[in-house]
Amino acid sequence: MTKVRNDVTYSMDGSVAVITINRPESANALSRSVREGLFAAWERFESSDEARVAILTGAGQRAFCAGADLHEMAEESAGEPPEDFVPVLGENVLVSKPTIAAVNGAAYAGGFLQVQMCDLAIASRTARFGISEAKWGRGSPWVLPLFKMIPTRTIMELLLTAQPIDAQRAREVGFVNHVVEPSELMNSALAMARTIAENAPLSLSAAKEMAKVARMEPDVEHARRRTKIIYESVYRSEDAQIGPRAFREGTKPMWTAASKSLFTET
């Protein structure tokens, strides 16, 4: 089993994995140990047959993740970060199962990216979202996929002012699914995760792949063909028969396939 460092904790709540950045005294900044811990945690989640959905959050109420550890970067005279500087789901880390960001405070720079890469996001009413790189002379090429997620004017405001927006505005522009009271954040995230975990793993995995195609494939016909191929694995699966049979019999479906098998079959 992959070892996860103390700066990132990994726990299970039924079929839901909870991954927590655990440096509240440093606003959960992405130090080297946190980055390594996140890589290990995502690897553990993907390889687990028990875990169906993952929630990513930060310890404490101050910050979800304030981005890179600037003290560490200053000491190391950091230049352009390497491709594997931080785990980015769908880019340098394969995660075939659904992910939810539970945002409990500031999500700035690399912390914003950690929310952006998840499939869904639930935010505390006190959460803040910012792309602060321009404030410190750093770059943000990772923002590119955001142009398929929220309005361009909103992105440019975030980039050029380096000032955060609040949770309600993030909800209004479609970056966040739900805004809840701070005391209800994890309960809400767990409730959503449990609902998702009841569904067929291959169907969930296919939905993730279709969303990726929609974001990355400019040719509509090519995207349609790729999506059809993705869903062929779903239709060919035993679970495609189990679901309708369970509906007919009034029972709960007992899924047999793991989501990662979609990636090995296509």
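The values are calculated or read from the model by the stated rules, or taken from the named source; none is laboratory data. The model shown is predicted, which means the values in this text are computed figures rather than measured ones. Using ideal geometry, Cβ is built from the backbone for each residue, glycine included, and neighbour counts are taken over all protein chains shown.
The single condition from (1) in contact (Cβ under 8 Å) with a residue 40 or more places away in the chain; (2) surrounded by fewer than 18 Cβ atoms within 10 Å (Cβ to Cβ) that Asp166 fails is (1).
Residues checked against (1) of a type outside the set (Gly, Ala, Ser); (2) in the same structural domain as Ser124 (by TED's automatic domain parsing):
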| residue | (1), (2) |
| --- | --- |
| Ala193 | no, yes |
| Glu209 | yes, no |
| Asp219 | yes, no |
| Ser233 | no, no |
| Arg236 | yes, no |
| Pro244 | yes, no |
| Arg248 | yes, no |
| Thr251 | yes, no |
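Screening Arg62 with (1) basic (Lys, Arg); (2) modelled with pLDDT of 95 or more; (3) under 21 Å from Thr126 (Cα atoms) gives one miss only, at (2).
On inspection, Gln241 passes the criterion of being of a type in the set (S, T, N, Q) and in a helix (DSSP H, G or I). The combined condition, being under 24 Å from the mean Cα position of the chain (by Cα), crowded, with 18+ Cβ neighbours inside 10 Å and more than 30 Å from Thr126 (Cα to Cα), is not fulfilled by Ile196.
Residue-level check: of (1) more than 18 Å from the chain's Cα centre (by Cα); (2) over 24 Å from Ala40 (Cα atoms), Met149 misses just (1).
Within the option set Ala191, Ala211, Ala207, being surrounded by 15 or more Cβ atoms within 10 Å (Cβ to Cβ) and aliphatic (A, V, I, L, M) holds for one residue only, Ala207. Take the residues of segment 1-13 that are exposed (fewer than 13 other Cβ atoms within 10 Å of the Cβ) and modelled with pLDDT of 95 or more: which is farthest from Ala29 (Cα to Cα)? Out of the qualifying residues, it is Met12.
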